[in-house]
Amino acid sequence: MSGPVLVLDQVTKRFRTVAALEAVDLQVGHGELVAIVGPSGCGKSTMLRSVAGLTTIDSGRIVVGGRDVAGPGVFIPPEERHIGVVFQDLALFPHLDVAGNVAFGVPRGERRSSRAREVLDLVGLTGLESRYPHELSGGEQQRVALARALAPRPDVVLLDEPFSHLDRNLRMEVRDHTIEVLRAAAATGVFVTHDQEEAMAVGDRVAVMRSGRFEQVAAPETVFHAPVSRFVATFLGEADFVAGTRFGTRVDTVLGQLPVTSAGTGRCEVMLRPHELTIDEDADGDGIVERTDFRGAVVMHHVTLSEGSRIRAQRPHTEPVKAGTRVRVRPVLTHPLVAFAVP
Amino acid sequence: MVLVVLPVARLVEIVVREGAGTSKLILSSPEVRTAAVNSVGLSVAVMLLAVPLGTAMAVGLRHSDVPGRAFWRVAVLLPVVVPEFVLGYSWTQAYGRAGFTDALVGVHWQGVLGPGGVLAVLVASTAPVAYLLAAVGLAARAEPDLERAARASGASGTTVLRTVTLPLLRPSLAAASVLVFVLSLQSFAVPQVMGAPAGFTTLTTKIYADLSFASDPLSFVEAVALALVLVLLTAAVVAPADATLSPRLRVTRVAEPAGAPFSRRPSASRWVAAGLGSYLVVAVGLPLLALLSAALTRAVGLPPRPSNWTLDNFCLVIDQRSIEALGRSVGLAVLAASVLVVIGGCVALLEHRRFGRGVATMSILTLALPGSTLAVALLITYGRWLAGSLVLILVAYLAKLWALAHRPITGALDRLVPEELYAARASGATRLTAARTVALRPMAPALLGAWLVCFLTALHEVTMSSLLYGPGSETLAVIVLNSQELGRIGPTAALSVLLTLLMAVPALPLWVLSRRLRLRRPADTVPDPTRRENAQHARARG
């Protein structure tokens, strides 16, 4: 199929004076999975609801499957938008069994039970057709919700924090399964989450949202390694900043000269992630380990440098450095770093 | 349970002592059979009309875009505050011959005195009950997300209503049907005021007639037998319903107030408001206006014009007797409500600990026990010492209104967050201090609500009072009823207006106070950031 399946064009939505969405642009291609991530209150759920038709927009345009569903003078009700939604609380119909839930949205013309069976097979729930939602485990309920969203063959599937009610271990497993199913169904999906790790694991692209705007929309690797702003850098993973002076593509810092991706001059801050730094015990070093966090495979060391800035560095759990030790901090770089100009 | 079990046992004993022959004779008499058929038929008809009406109001008022929704939500409950026999009497004044509409536009409804009128007024007075149950059911069971899910799956608004909302409401609607049926079966004042003049008898009016006007011993036994028939009919409906429904009603989830359901076409909302408005005008507004006009008009049959207005009727009825009765009514109601709230609170606490559901079921049964039956039973058991005294009426109120106090109190107790009590204990409060400082405050609206419901119900109670009163123990409601039976239209209307005002005076400030007392808990007891986000949006939205 050619062209994007879902288009948001300058979509704006205000609640009284607060802008929940501010001129949002997004294009999602066929079979693509975009993860929307942002802190709570950033507008990501509002965006999803606008696409689903569960709320109106103030200006801009939303296109689903080549058809305008919202825009100036246009509001297609949710039932005619050809979308599937997996709700945060799943919202399974408690009075219908699994088959009834899944077949709910399948048009009358079709053989509904056979389509339901087909989708249940896809999500791996064959044999549970006549169970009721309260008789299922959390993971199974999750699969029913997914099956219900997929059954009517929607143009776009919207997932609103679908795993937030599951505990951590189950969440990983269910998440992987959901992605598999979405890929198998060649579904186009938009996935909202506040969990950065989840966003990067799930999305073909990650859209980082802040105060109703997209800060960056790009592949997970790009947003992680080449964030466009300090916000994106700190929101996706752990990041520290070291001040320095830029000469072309090199920056002079307390940690020595560091290569950066963008050329320039003047004062700037270089982003360093904990895995890009290591520490060695050294009585003449210019850092002191303030405290350590044990994280299983690695130990995170919080280090204060002589000029006052604080950075984090990780070491294997077999070689931790005790708090209070004087250390030398050493960058371990595989690629140039990102620098942000200091205003 | 000396209040209930013993008296009912005495009823059974009397019927057994009289022998099967007498009972058979009574039960096979055509009059009794007619009364029974009328009672059941009337109750079924009321149920079939009031439940859909109440449900429609609940569904219509659910959407936040109905203009003046807060007002309508209170307004649909108005018929509950007006004593039902006052409502019935108002209808006869509004739509009967020489009534309000007859005087104004020359239209009157011949059947307003008779089964049709009884049916209409009972529907109007029980529809709010159905509305309340349906509204609670909607809030607790039909979460907005379910409807959103259905809409997103391609169902239109009406399809959602048919396939999702109403099926989810099924247990609530069944409960409402049972309650409305039982209330209609027990209703005495409306059939007495509107049915009796047209020769339409029900079991309750027959019991009243047997006890008040016949001196023949057989008619007393007949009253006792009818009282038992009434209990059996009630039990036949309530027992299976309680068994099948109560577990299903109990698994309700607490609704997340996240986001209002769908916005609709504005025209739909306007229709809802218009429909409700005209319904309320016909069911309550016009009749009460007619009542007021009858109370203010110099003589029956004069058109309701200012030149014919007078306060004579009020002066006439405000005499020694009715002022004393007023004092008795208020005193009884205050006493009954206070005792009930205290006892209800203690029992609810005990029950929470040990007895489990036993007491709860018992209290529901007393509510289902028809007032006529209870009155006859109490008269037989304690009449020797207490006949015609206020104490007997108080005992009857306590027994009958028990469940009204019990329900909201246990409900509030269930909603207490145990962690808050634990937190209080952990911070060093003794058990009693914790209960007083942490539990009492959130329970205050429920306690006040329970008191208010008991007070109002006791104030306009007439079924039992009319059977139990004696010289010097009439309540105001009984005086209104007697005055109506004597055919004194002006004074009856004046008394009715007074009684209604009497209900409204304490009801309004207390209602406002109970709303003020309602606590707002932090919405996000679950530490989930997205939930907070939704709540913020919902708040911002409206």
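Values as computed for the structure displayed
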read-out	value
Only one of A:R250, A:R205, A:R213 that is among the charged types (D, E, K, R) and in the same structural domain as A:R312 (by TED's automatic domain parsing)	A:R250
Residues located in segment A:126-145, provided they are surrounded by 18 or more Cβ atoms within 10 Å (Cβ to Cβ) and within 12 Å of chain B (Cβ to nearest Cβ)	A:P133, A:V144, A:A145
Filter result for B:A223 (over 29 Å from B:A75 (Cβ atoms), aliphatic (A, V, I, L, M) and within 14 Å of chain A (Cβ to nearest Cβ))	no
Residue satisfying all of: in segment A:156-194; within 12 Å of chain B (Cβ to nearest Cβ) and either open to solvent by 60 Å² or more (accessible area, probe 1.4 Å) or over 20 Å from A:I36 (Cβ atoms) (or both); modelled with the lowest pLDDT among these	A:H165
Residue within segment B:259-267 that is modelled with pLDDT under 75, part of a helix (DSSP H, G or I), open to solvent by 50 Å² or more (accessible area, probe 1.4 Å) and of a type in the set (K, R) present	no
Residue within segment A:84-91 that is open to solvent by 20 Å² or more (accessible area, probe 1.4 Å), outside the structural domain of A:M200 (by TED's automatic domain parsing) and under 27 Å from B:L168 (Cα atoms) present	yes
Residue check, A:G138 over 19 Å from A:D89 (Cβ atoms) and not assigned by TED's automatic domain parsing to the domain that holds A:A184	no
Failed criterion for A:V106 (all others in (1) open to solvent by 10 Å² or more (accessible area, probe 1.4 Å); (2) part of a loop (DSSP other than H, G, I, E, B); (3) more than 8 Å from chain B (Cβ to nearest Cβ) hold)	(1)
Scope segment A:197-229; condition open to solvent by 50 Å² or more (accessible area, probe 1.4 Å), within 30 Å of A:S59 (Cβ to Cβ) and out of contact with any strand residue (DSSP E or B) (no Cβ under 6 Å at 6 or more places or on another chain); matching residues	A:R210, A:S211, A:T222
Among (1) more than 8 Å from chain B (Cβ to nearest Cβ); (2) touching a residue at least 60 places away in the same chain (Cβ under 8 Å); (3) touching a strand residue (DSSP E or B) at 6+ places or on another chain (Cβ under 9 Å); (4) not hydrophobic (A, V, I, L, M, F, W, C), the one test that A:G84 misses	(1)
Criterion: crowded, with 22+ Cβ neighbours inside 10 Å, within 14 Å of chain A (Cβ to nearest Cβ) and either among the hydrophobic types (A, V, I, L, M, F, W, C) or farther than 30 Å from A:R81 by Cα (or both) - qualifying residue of B:V190, B:V180, B:V160	B:V160
Tabulated pairs, segment A:122-139, first among the polar types (S, T, N, Q), second assigned to a loop (DSSP other than H, G, I, E, B), C-beta under 7 angstrom, 6+ apart or interchain	A:S130/A:D97
Test: A:P78 is crowded, with 21+ Cβ neighbours inside 10 Å and within 12 Å of chain B (Cβ to nearest Cβ)	yes
Any hit, segment B:118-141, residues being open to solvent by 10 Å² or more (accessible area, probe 1.4 Å), within 14 Å of another protein chain (Cβ to nearest Cβ), at negative phi and touching an Asp or Glu at 6+ places or on another chain (Cβ under 7 Å)	no
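Okay, residues lined up against (1) out of contact with any strand residue (DSSP E or B) (no Cβ under 7 Å at 6 or more places or on another chain); (2) within 14 Å of chain B (Cβ to nearest Cβ):
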position: A:V7; (1), (2): no, no
position: A:V18; (1), (2): yes, yes
position: A:V24; (1), (2): no, no
position: A:G38; (1), (2): no, yes
position: A:K44; (1), (2): no, yes
position: A:L48; (1), (2): no, yes
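The values are calculated or read from the model by the stated rules, or taken from the named source; none is laboratory data. None of the values given here were measured: they were computed from a predicted structure. Here the Cβ is made from the backbone with ideal geometry for all residues, glycine too, and neighbour counts use every protein chain on show. With ligands, DNA and RNA removed, areas are computed over all heavy atoms of the protein, side chains included. Shrake-Rupley method; radii C 1.70, N 1.55, O 1.52, S 1.80 Å.
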